[in-house]
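To start, the structure itself, in structure tokens.
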Amino acid sequence: MGSAAELTAAALMVLGFPGLMLTALVPSIPAFAALAAVTYLADHYLHRKGSYLINRLSKIRAGLSIRFLIRQLLLILLLARLSDADDLIFYGAVACFIALYGLQAPHGALVTLIRNRRRMPVATRNIDLTSRIRIPDAPPRRLLRRSAEKMLHLDLFAVIGILVSAELDSATAVGFTGIGLTLGLGVLYVLVVVPYIRGNRIPPRADVVLAAVDDWLAGYKPGTVLYFSGSKDSAYQVDMWLETMEQLQSRPLIILRERAILNSLAPTTVPVICVPGGVHLMNLDLSTVGVALYAANVGKNIHLLRVPTMKHVFIGHGDSDKLASVNPYSKVYDEVWTAGRAGRDRYAVADVGVRDDDIVEVGRPQLAPIQTWRGVPEGRVPTVLYAPTWEGWDGDPGNTSIVLAGEHIVSRLIAANPPVRVLYKPHPFTGTVSKEAGAAHKRITALVEKAAAERAADPRFTADKATEDRAKSDLARIEARIAELAGKGGDKGDEAEATRDGVVDVAKHEEIAQLRAEWNAAYWRSFPAYEHRVIGGAEPRLYDCFNVSDAMVSDISSVVSDFIASGKPYAVTDSGELGHEEFRRQNTAVRAAVVLSNDAAELGGLLDAVRDPSADPMAQDRAELKRYLLGPDEPKSIDRFNTAVANLALRAEARNAGQESRLAAGGLDPAGLSNAVPGQRTVSAEDPDGVNAG
């Protein structure tokens with residue numbers, strides 16, 4: 001249900017309709033009016049909250065229109081029970097509700113038509129199309145947002161008027177006034193929407209928009225493309241590459257396949273094109289692209305992989321010992337880029353068809369913000385981060401520690417003596433597949449929050465309230481400024497308007513980045529350094545949690561490989577109970593870790609390493625493993641990444657030049673190099689915007 005308030009509203013709405021029927025049968029006008037008000041308000045509240053129940057009611061034939069219809073029929077029943085069936089107000093009510101439902105058809109058709117016509121075949125960010133095509137303003141949000149609900153709620157005037165008329169026999173005029181308002185406003189709503197289906201109120205047709213995008217591509221000449229397809233929840237997989245793309249020395253471009261990903265994408269200065277249609281993608285002019293980077297192995301990759309004029313590289317979205325890191329699908333790419341030698345060795349051991357010559361070690365540019373450990377600052381309680389991964393799709397108990405070991409880990413950390421602080425940051429997918437994982441997450445959250453409350457009341461721990469108050473004040477100021485910057489220009493009315501106006505203000509983007517860094521520093525100052533805390537949501541980021549922690553407990557995932565960049569002690573849970581030696585043998589990232597059983601009895605070894613780094617037996621092992629997993633510190637990873645892009649781009653150029661030479665030698669037109677990269681589209685000079693097209 002989402003919250004106790006939503007649960008209460010849902011219960012009131014569901015129970016309200018049987019109550020309406022009873023009050024109609026009794027009959028009781030005041031009771032009917034009161035219950036009708038309750039159902040209206042509860043229904044509206046749940047819609048505003050986007051409640052799960054509201055979204056599911058339509059699946060059982062209890063959708064929005066049906067609920068309004070039932071309420072109106074019950075009002076008719078009330079009038080009949082009051083012996084008003086022969087009065088004009090009775091017939092007026094019946095005619096009003098039938099007419100209101102009749103108005104829903106043209107209204108719904110117009111709203112759907114406007115939305116469809118304003119949906120772009122290609123949506124963009126950071127690309128100026130306004131000099132090439134005209135994209136008109138979106139209709140006012142108040143017209144189209146939750147339009148069906150607004151249309152149906154116009155019956156309120158009629159319902160109120162009819163109830164007043166039924167209660168006061170001499171107030172028939174009030175009833176017909178309400179009926180007139182309902183029908184008049186319904187007709188007016190339809191008429192107000194009509195102008196937005198005209199040609200000058202809708203974007204150009206698809207081929208004109210695509211031609212404008214091709215024209216921009218011809219001018220920009222992208223050299224490197226980051227291609228991504230996935231669900232809305234997987235947006236983090238492309239977000240992690242945005243800063244790297246911004247630092248590329250070639251002209252970068254991001255191609256997305258789902259609108260949900262575009263709407264969830266983190267801010268970036270890199271041009272972005274969202275192409276939902278496979279045919280539209282295959283017809284884009286990408287002839288200048290030399291290198292295509294893929295962050296995930298998904299079926300839609302084939303739409304770009306078919307282009308032979310560019311070289312294709314799998315870069316993934318993390319580096320770990322999971323099976324996903326050695327997916328046999330990877331052999332379709334020209335190269336596979338790994339962080340360090342460990343990635344190369346994984347493919348050799350897995351023997352899935354990826355040749356060693358096609359693997360390039362480029363490091364992990366994203367790890368640059370991770371700070372190297374200098375020991376626990378004097379006078380501060382050590383901080384241990386518990387960052388388990390999620391349960392995965394296959395139900396393997398070894399995927400995550402949260403179900404079998406999570407509570408043991410957190411309980412032992414909370415009870416540690418000398419004390420430590422616990423930060424709990426679960427994977428965002430936790431509980432999406434396994435109910436057990438979701439339940440364990442809730443229990444762990446309760447453990448951490450209870451321990452935090454107990455520590456706050458412990459006289460051994462003292463807080464600097466003045467510092468915390470200043471930090472909270474800073475947070476409020478920073479958040480207000482970020483909201484001000486992010487909100488400039490108002491909410492975009494729809495996809496077309498967002499495409500037109502979605503060119504990033506670089507100065508504002510840089511200021512927001514600086515403000516976010518200030519926000520992160522203020523966040524950690526805003527509560528005591530000893531306070532246990534559950535870290536949810538996107539902020540603070542995982543790497544920020546790394547930097548304030550002195551050790552981490554996690555599972556086999558890229559989180560462990562990334563944390564190794566800090567050089568800090570860490571532990572990994574053998575949730576699948578392979579045995580410590582076998583677990584280390586199978587998982588490279590565990591070689592310098594404290595291995596935990598599901599009862600977490602070995603946590604003492606991790607805490608000893610934190611409290612006395614000079615006696616840490618695995619410090620040297622971690623340094624060697626860091627180089628093996630992530631590559632050398634010099635040259636910097638971003639420099640190696642740029643070099644790899646440049647080298648592969650040269651290979652693409654050489655391949656294409658060779659093809660042209662062979663075609664020319666054979667007397668063939670070199671333009672036939674690849675039918676996967678078509679020529680530019682043309683637009684009529686008489687109708688450059690395509691507004692008069694059919």
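Odds and ends about this structure:
- Inter-centroid distance (Cα atoms) of segment 403-455 relative to segment 101-119, Å: 49
- Positive-end extreme of charge dipole, the chain - chosen from VAL279, TYR347, PRO377 (charges on Cβ): VAL279
- Working from Cα pairs under 8 Å separated by at least six residues, relative contact order for segment 192-328 is 25 percent.
- Mean separation of Cα contacts under 8 Å, 6 or more apart, over the residue count of segment 464-526: relative contact order %: 71
- Each residue of segment 347-353 was assigned a 3J(HN,Hα) from its phi angle through the Karplus curve 6.51 cos²θ - 1.76 cosθ + 1.60 (θ = phi - 60°); the sequence is 5, 5, 5, 5, 6, 9, x Hz, with glycine and proline shown as x.
- DSSP beta bridges in the chain [antiparallel fraction, %, rounded to 5]: 10
- Correct choice for mean projected area of the Cα convex hull in nm² that was computed from the model, options (i) 29.2; (ii) 31.2; (iii) 38.1: (iii)
- For segment 464-526, the equivalent ellipsoid built from the Cα gyration tensor has semi-axes of 31, 11, 7 Å, listed from largest to smallest.
- If R0 is 22 Å, the Cβ-Cβ spacing of VAL14 and SER65 corresponds to a FRET efficiency of close to 0.80.
- For segment 364-434: rounded, prolate or oblate by the Cα gyration tensor [a/c cutoff 1.5]: oblate
- Against the chain, whose longest principal axis is taken from its Cα atoms, helix 172-193 shows a tilt of about 40°.
- Sorted fewest first by neighbouring Cβ atoms within 10 angstrom, LYS425, LYS331 come out as LYS331, LYS425.
- Neighbour-count ranking [beta-carbon atoms within 10 angstrom, fewest first] of VAL506, VAL291: VAL506, VAL291
- Segment 536-571 residues near the modelled THR467 label - backbone nitrogen below 20 Å, point 7 Å along Cα→Cβ: 540, 544-551
- Computed E for ARG145/ALA218 - FRET, C-beta separation, R0 45 angstrom, nearest 0.05: 0.75
- Separation of alpha-carbon centers, segment 642-657 and segment 137-151, rounded to whole Å: 50
- Contact order normalised by residue count of the chain, Cα under 8 Å, 6+ apart, percent: 15
- Residues ASP505 and ASP621, FRET efficiency given R0 of 45 Å [Cβ-Cβ distance, rounded to 0.05]: 0.45
- Between ALA476 and SER131, the simple label model (points 7 Å from Cα in the Cβ direction) yields a spacing of 4.5 nm.
- Net charge, THR39 excluded, C-beta distance under 10 Å - Lys, Arg +1, Asp, Glu -1: +1
- In a fully extended conformation the segment linking ALA266 and ARG117 would gain 51.0 nm over its present Cα-Cα distance, using 0.36 nm per residue.
- Segment 608-628-segment 206-282 distance, computed between alpha-carbon centres (Å): 41
- Listed residue (MET310, PHE228, THR269) projecting farthest to the positive dipole end of segment 206-367, Cβ model: PHE228
- Which of MET151, MET240 has the fewest Cβ neighbours within 10 Å, and the rest in rising order: MET240, MET151
- Summed residue charge, Cβ within 12 Å of TYR294's Cβ, Lys/Arg positive, Asp/Glu negative: +1
- Cα gyration tensor of segment 229-291 - equivalent ellipsoid semi-axes, whole Å, descending: 18, 18, 8
- Between ALA665 and ARG541, full extension at 0.36 nm per residue minus the direct alpha carbon distance yields a gain of 39.0 nm.
- Other residues whose C-beta falls under 15 angstrom from the C-beta of PRO617 contribute a net charge of -1, scoring Lys and Arg +1 and Asp and Glu -1.
- Dividing the helix sum by the residues of the chain, where each DSSP H run of 4 or more adds -39500 (n - 2.57), gives a mean residue ellipticity at 222 nm of -15500 deg cm²/dmol.
All of the numbers you see were taken from the coordinates with simple rules; none came from a lab. Just so it is clear, the structure is predicted and the values come from calculations on it, not from any experiment. Ideal geometry is used to build each Cβ from the backbone, glycine not excepted, and the neighbour counts take in all protein chains shown.
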